[in-house]
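What follows is a structure written as structure tokens; I'll ask about it next.
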């Protein structure tokens with residue numbers, strides 16, 4: 001069992017559609033990060049959420065941290081082909097950093 | 001500011017050999033972490049170094065080791081390679097200020113290791 005479970009694992013949608021990716025855990029995190037990784041490259045940090053209930057927006061991406069700081073969600077509005085990639089949540093409940101299981105998103109033109 | 005660099009980008013080795021991978025963090029970042037990424041297991045934490053000391057270690061066998069130099073550059077070594085060690089090895093750096101570590105990681109492009 002992974003510390004951070006993401007759903008769905010795979011997502012294939014048409015350009016212009018909306019989608020939500022979930023990141024869940026039974027542990028409490030002081031902060032959670034979201035990364036996007038493209039094939040053959042390292043993950044790139046998108047955002048850090050720190051406060052329970054916090055909502056952050058990055059253009060068409062909206063990130064939310066759960067009130068209990070155990071979960072987070074990523075919502076993409078009007079997805080574009082450039083959004084294609086592997087989305088990863090990550091955090092450290094203690095001293096060790098954990099990544100989520102990942103959501104592979106494909107946006108079809 | 002230059003990003004995290006890793007060398008080499010690609011490597012092919014034979015079972016039983018050993019390999020050393022190198023990572024140069026972002027200037028000013030003193031923490032360097034290493035991860036193994038495979039399709040089946042995802043991103044798994046190997047170890048983290050700070051000020052030349054291993055601060056945290058994941059659940060990997062002793063064949064996986066690392067070190068950090070005084071300029072924060074880091075190397076990881078895998079001895080007696082096995083087929084299952086084929087993976088993308090990622091290095092990430094992060095900053096620390098006034099005793100508090102930032103968990104925001106900045107990744108290099110990775111080293112793709114293939115063991116045959």
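The values are calculated or read from the model by the stated rules, or taken from the named source; none is laboratory data. Note that the coordinates shown come from a computational prediction; the quantities given were computed from them, not determined experimentally. Glycine also receives a Cβ, built like all others from the backbone with ideal geometry; neighbour counts cover every protein chain displayed.
Here is a check on your reading of the model: is residue A:106 within 15 Å of residue A:21 (Cα to Cα), in contact with a strand residue (DSSP E or B) (Cβ under 6 Å, 6 or more places away or on another chain) and surrounded by 17 or more Cβ atoms within 10 Å (Cβ to Cβ)?
No: the conditions fail for residue A:106.
Looking only at the stretch A:37-49, decide whether some residue is in contact (Cβ under 8 Å) with a residue 40 or more places away in the chain, surrounded by 13 or more Cβ atoms within 10 Å (Cβ to Cβ) and closer than 22 Å to residue B:56 by Cα.
Yes, there is a match, as at least one residue in the stretch A:37-49 is in contact (Cβ under 8 Å) with a residue 40 or more places away in the chain, surrounded by 13 or more Cβ atoms within 10 Å (Cβ to Cβ) and closer than 22 Å to residue B:56 by Cα.
Further question: Tally time: how many residues in the stretch B:30-67 are part of a loop (DSSP other than H, G, I, E, B) and within 12 Å of another protein chain (Cβ to nearest Cβ)?
Summing the residues that are part of a loop (DSSP other than H, G, I, E, B) and within 12 Å of another protein chain (Cβ to nearest Cβ) in the stretch B:30-67 gives 5.
Still on this model: Residue by residue through the stretch B:73-86, note down the ones that are within 14 Å of the chain's Cα centre (by Cα) and within 24 Å of residue B:50 (Cα to Cα).
Answer for the stretch B:73-86, where residues must be within 14 Å of the chain's Cα centre (by Cα) and within 24 Å of residue B:50 (Cα to Cα): B:73, B:74, B:75, B:76, B:77, B:78.
For every residue, the table says whether it meets (1) over 19 Å from residue A:89 (Cα atoms); (2) touching a strand residue (DSSP E or B) at 6+ places or on another chain (Cβ under 6 Å).
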position	(1), (2)
B:17	yes, no
B:24	yes, yes
B:29	yes, yes
B:34	no, yes
B:39	no, no
B:42	no, no
B:52	yes, yes
B:69	yes, no
B:82	yes, no
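Residues of the stretch A:4-18 being closer than 18 Å to residue A:66 by Cα and buried (at least 18 other Cβ atoms within 10 Å of the Cβ), which ones?
A:4, A:6
If I ask for residues that are assigned to a strand (DSSP E or B) and either modelled with pLDDT under 95 or within 14 Å of chain B (Cβ to nearest Cβ) (or both), which ones from the stretch A:72-109 would you list?
A:72, A:85, A:86, A:87, A:88, A:89, A:90, A:91, A:98, A:99, A:103, A:104
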